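What follows is a single structure, written as structure tokens, with notes after it.
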Amino acid sequence: MPNAFWCFVEDDRQGMPKKVMAEVLGEAARLAGGQPEAVWITDKASDAGLTQLGEWGAGKVWVLENAAFAPYRSEVWVGAAAELAAKESPRAIFGPVTSRQREFVARLAARLGVGLAADCVGFALEGDRLVATRPIYAGKLLAKVAWAKGPCVATLRPNVFRPADAQPGRTAAVERPAVSIPGATMTFVERREEAATGLPELAEAEIVLSGGRGMKAPENYVILEDMARVIGAAVGASRAAVDAGWRPHRFQIGQTGRTISPKLYMGFGVSGAIQHLAGMRTSKIIVAVNKDPEAPIFKIADYGIVADLFEVVPELTREFKRLLEK
Amino acid sequence: MKILVAIKQVPDTATQVKVGADGKAIDTAGITWIVSPYDEYAVEEALRIKEKRGQGEVVAVSLGPDRVKEAIRSCLAMGCDRAIHLNDPAWNDADTLTTAKALAAVIKQEAPQLVLCGRQAIDDDMGAVTAQLAELLGWPCAYWIMEETVDADGKSVRAARQAEGGLEVFDLPLPAILAAQKGLNEPRYPTLKGIMGAKKKEIKDVKAGDLGLGAEPPQLAVIGLEALPPRPPGRVIQGDVPAAVKELVRALREDAKAI
Ligand SMILES: Cc1cc2nc3c(=O)[nH]c(=O)nc-3n(C[C@H](O)[C@H](O)[C@H](O)COP(=O)(O)OP(=O)(O)OC[C@H]3O[C@@H](n4cnc5c(N)ncnc54)[C@H](O)[C@@H]3O)c2cc1C
């Protein structure tokens, strides 16, 4: 449909959309004042996945399904997406902030010759004009930005937008348009899986536990992982901990790591340097445990405990267990 | 092998930033400027490729006003051979696409085999220029790379990019473009000799007209900057550890509804 709000689907590579898509579809529906459309570029779309997108409010799902789309390569995806966009003239093109969509959506905007607003945390319609809000300068300021012309291309920060409520029984029309598939110049060699932690992914987790230099040694992260398993949290780290080699870089939170915006962030032995805050200050609730009452993290924390983390963490894990067993 | 590195000058991460008089840009008075940290990984990697091959040239390119010379000098001090400064008021309101168009025009003139950029500049955090350059040049591109090796003949590069749940390794035919992620390397500090030597290296000033580009309005415009809404005041929970923990869990559950 011309003027539709499009949402590019991020999936788990096994045929299911990720739950962040409920947020993207929810925000698109609010702005569209009607049903948004999902565009799913994949090598395998599942019926269950299509049902899920329908329940999250997609009025239509454009399925571009071809073996050439996996593993993701921007040079292949963009040609197919741009061809469909040229035909359908959507008003806006949204995707969640993930490692591949950050690249894909930027490249698509260049192909379409339109503006891109990455990592947005808010949208408003001012009359007919779409305005996006995004953090800049390490989250010290917010910029309001607007597009010269459509489609308005944007990525949305996970955990910020209100997810669409899944309505069982609501279904999407499924369309499989014919598009030409550009040839790839890059060839896939291998994928090296990370050791599975059994915990949620940092960027998408609703609760994040973050361990800083105060954790003192890599083996001590076990106590955070124990708590994480009880409450379904991801475990991240400060740069000091990453640079010490205690945690791999993919767990770093901050300006030169991941930007996260969970419902609950809990920092243990993290001082709250400005570069760390850059990656977590849009968290809804911030808890700090630090033995130094002057640590800057207390300035932005909603709740703080001034104490030794090695006393607090086991106690807290027990207390959470007790609460959640009720 | 010729390698081009695109770098950006940004405010130091610890600098306070204030909204400027026009409400659309920051007040630059008193700001300390640095090379965006991810760009340093890109510069370092380019220098390592050249050193490993025992020959080649590393060209640093940056778009911005006069002050950007300082950032260019630090890249020259690290070891880049020469630099190009895209310096024209026509680019004052450049969005990522305008920047990418200017860089693409330079890259077409310079014809390097490899272009390296940082994953994102830490001022506007858009993270788009690498992908947009790839699009404008029609080159393959790998984002957020954690390691790379250029093959012995200089025909392709093998790059491992960070993806959700793992690293994905690809071979990209050259010319190609890569976006450096933290963890790719540990950038060197300029030596005194490097700093002295940098003063003699060439920095070519380029205007939009030199590239056949005009002043285009940006596709994405900043219409206003705002300070962050203040967070509600927090509370330090008093008492011994067991009591404080109990109270924290109660507050998270009942007041914040966060658990
Ligand atoms: C360009 C640049 C980019 C950067 N990017 C990032 C980034 O992305 N992410 C990031 O995190 N940092 C980043 N940094 C680094 C940042 O400036 C800080 O150095 C870092 O965040 C500090 O980590 P930390 O809080 O773990 O360590 P510290 O600052 O050393 O703090 C440790 C804290 O633990 C407390 N503590 C110690 N023992 C205990 C205990 N037993 N119980 C309770 N508390 C205890 C101490 O009181 C202290 O407050 C960057 C810096 C620069 C210059």
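The values are calculated or read from the model by the stated rules, or taken from the named source; none is laboratory data. The model shown is predicted, which means the values in this text are computed figures rather than measured ones. Quick reminder, even Gly has a Cβ in these numbers, built from the backbone with ideal geometry, and neighbours come from all protein chains shown. Note: accessible area is taken over every heavy atom of the protein model, side chains too, but ligands, DNA and RNA are not part of it. Shrake-Rupley method; radii C 1.70, N 1.55, O 1.52, S 1.80 Å.
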Which order do A:Phe5, A:Phe310 take by accessible area at a 1.4 Å probe, largest first?
A:Phe310, A:Phe5
What whole-number value in Å² describes the accessible area per residue of the protein assembly as shown for a 1.4 Å probe?
39
Where in region B:98-207 are there GluC sites (Glu not before Pro) that are in a DSSP coil and have at most 15 other Cβ atoms within 10 angstrom of their Cβ?
B:Glu202
Checking the a/c ratio against 1.5 first, then a/b against b/c, what shape does the Cα gyration tensor give for region A:207-324?
rounded
Using the structure shown, list the pairs from B:Lys18/B:Lys204; B:Lys18/B:Lys199; A:Lys284/B:Lys18 with a Cα-Cα distance above 30 Å, or answer none.
B:Lys18/B:Lys204; B:Lys18/B:Lys199
Cα gyration tensor shape of chain A, rounded if a/c is under 1.5, else prolate or oblate by comparing a/b with b/c:
prolate
Hits among aspartates and glutamates - C-alpha to C-alpha of A:Lys216 under 18 Å, sequence gap 8 or more where chains match:
A:Glu225, A:Asp226, A:Asp243, A:Asp292, A:Asp308, A:Glu311
Here, trypsin sites (Lys or Arg not before Pro) of region B:178-213 satisfying both criteria (DSSP loop; at most 15 other Cβ within 10 Å) are B:Arg188, B:Lys199, B:Lys200, B:Lys207
Mean separation of Cα contacts under 8 Å (6+ apart) over length of region A:5-175, as relative contact order %
30
Surface share of carbon and sulfur [accessible, 1.4 angstrom probe, percent] for region B:2-211
51
For A:Arg13, what accessible surface area do you get with a 1.4 Å probe? Give it in Å², rounded to 10.
80
Through the Karplus equation 6.51 cos²θ - 1.76 cosθ + 1.60, θ set to phi - 60°, convert the phi angles of region B:39-52 into ³J(HN,Hα) values in whole Hz; use x for Gly and Pro.
5, 5, 5, 5, 4, 4, 5, 4, 5, 5, 4, 4, 5, 5
Net charge, B:Val58 excluded, C-beta distance under 15 Å - Lys, Arg +1, Asp, Glu -1
0
Cα gyration tensor of region A:1-74, axes a ≥ b ≥ c as square roots of the eigenvalues: rounded (a/c below 1.5), prolate (a/b > b/c) or oblate?
prolate
Amide H contacts under 5 Å for A:Gly279, restricted to residues at least 5 apart in sequence or on another chain and with H modeled in the peptide plane, are A:Gly254, A:Gln255
Working with all protein chains in place, sort A:Glu319, A:Glu311 by solvent-accessible area computed with a 1.4 Å probe, largest first.
A:Glu311, A:Glu319
Which residue, B:Gly239, B:Gly127, B:Gly197, tops the fluctuation ranking in a GNM of chain B built on C-alpha contacts under 10 Å?
B:Gly239
Rounded to the nearest 5, the percent of DSSP beta bridges in chain B running antiparallel is 40
When DSSP beta bridges are limited to those with both residues in the protein assembly as shown, what percentage is antiparallel, rounded to the nearest 5?
35
Neighbouring partner chain Cβ atoms per residue of B:213-224, average, 10 Å criterion:
5
Quick one: pull the percent of accessible area on chain A belonging to carbon and sulfur, 1.4 Å probe, ligands and nucleic acids left out.
51
Working note, the protein assembly as shown: Cα radius of gyration (Å, one decimal) and Dmax (Å, whole number) are 23.7, 72
Inter-chain Cβ neighbour average for residues B:231-239, partner chain, 10 Å:
5
Nearest 500 deg cm²/dmol is fine: what mean residue ellipticity at 222 nm does chain B get from its DSSP H runs of n ≥ 4 alone, each adding -39,500 (n - 2.57), divided by its residue count?
-8000 deg cm²/dmol
Peptides ranked, highest mean first, by Cβ atoms within 10 Å: ranges A:55-66, A:182-193:
A:55-66, A:182-193
In deg cm²/dmol and to the nearest 500, what is the mean residue ellipticity at 222 nm of chain A if only DSSP H runs of at least 4 residues count, each as -39500 (n - 2.57), divided by the residue total?
-8500 deg cm²/dmol
Could you tell me the total accessible area buried at the B-A interface, probe 1.4 Å, in square angstrom to the nearest hundred?
7600
In the structure shown, of B:Lys2/B:Lys52; B:Lys69/B:Lys207; A:Lys149/B:Lys207, the pairs separated by more than 22 angstrom at the C-alpha atoms are A:Lys149/B:Lys207
Please figure out what share of the DSSP beta bridges in region A:5-175 is antiparallel and state it in percent, rounded to the nearest 5.
35
Per residue of region B:9-18, in order, report the coupling 6.51 cos²θ - 1.76 cosθ + 1.60 (Karplus, θ = phi - 60°) as ³J(HN,Hα) in whole Hz, putting x for Gly and Pro.
8, 9, x, 3, 4, 8, 5, 6, 10, 10
Could you work out the mean count of beta carbons from other protein chains within 10 Å of each residue's beta carbon in B:90-96?
2
